[in-house]
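Here's the structure we're looking at; comments come further down.
Read-outs throughout are calculated quantities, based only on the coordinates presented, and are distinct from any laboratory measurement. These numbers come from a predicted model, not from an experiment. No Cβ is skipped: glycine too gets one built from the backbone with ideal geometry, and neighbour counts run over all protein chains shown.
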Amino acid sequence: MSLTLSRVITPQPSPGGTSGVSPRIPEETPLVYSGSVVIAASPQALYDMVSDITRMGQWSPVTKSCWWDEGDGPKVGAWFTGRNEAPARDPWETRCQVAAADPGKEFAFIVGGTWARWGYTFAPVAGGTEVTESWEMLPGGLERFGQRFGDGAAAQVHDRYLTAQRGIAATLAAIKQAAEAPDQGA
């Protein structure tokens, strides 16, 4: 399996000398991460897998289950809830809002409505589809972490970055395995 992991982007200072990032989050803290893999399946089939958030627990190392709120589905503005588990943390649930739902091209959602953006893009390439999963800590998330963790906010944001880094690799590998399984087919 070929897996490409890429892109660490850190906040850039604004002309006024501040980045807009909480003073408790150093500017060198990575806030964006993405990884890509080529999967032998069509963009539409892979979009259908990923946008069916009820299946997320099949491949995510952190998200164990998801369900649509109030009968929603994969459309912009829809909300869903995810149940998550990680070492050294009690299980927790988060509500997420769909930010992009372009069949065969992109599916993305924002945790907490303003905290972090997770997205998937699907691009046809030789041999199938390049699937890119991305994570970005948003300004609302930085503010929340600053308020919640105070002086420990930077360490918590960095931990989320490392969790995204590990999780993206594991999630893409599991999606690839599921999509390319002879009995599954995507």
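Table for the structure above
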| read-out | value |
| --- | --- |
| On Cα atoms only, tilt of 139-149 relative to the major axis of the chain in degrees | 60 degrees |
| Helix-only CD estimate at 222 nm, as mean residue ellipticity for the chain, using -39500 (n - 2.57) per DSSP H run (n ≥ 4) | -8500 deg cm²/dmol |
| Per residue Cα convex hull volume in Å³ - calculated over the chain | 126 Å³ |
| Only Lys, Arg (+1) and Asp, Glu (-1) charged, at Cβ; the chain dipole about Cα centre in debye | 240 debye |
| Positive-pole candidate from G71, G152, A179, dipole of the chain, charges at beta carbon | G152 |
| Crossing angle, helix 153-180 versus the chain [Cα axis fit, 0-90 degrees, rounded to tens] | 0 degrees |
| Residue range of the chain that is longest and free of GluC sites (Glu not before Pro) which are both DSSP loop and sparsely packed (at most 15 other C-beta within 10 Å) | 86-186 |
| Those trypsin sites (Lys or Arg not before Pro) in the range 80-178 that DSSP places in a loop and that have at most 16 other beta carbons within 10 Å | R89, K105 |
| Potential lengthening between A173 and V76 on full extension [0.36 nm per residue; Cα-Cα distance subtracted] | 32.3 nm |
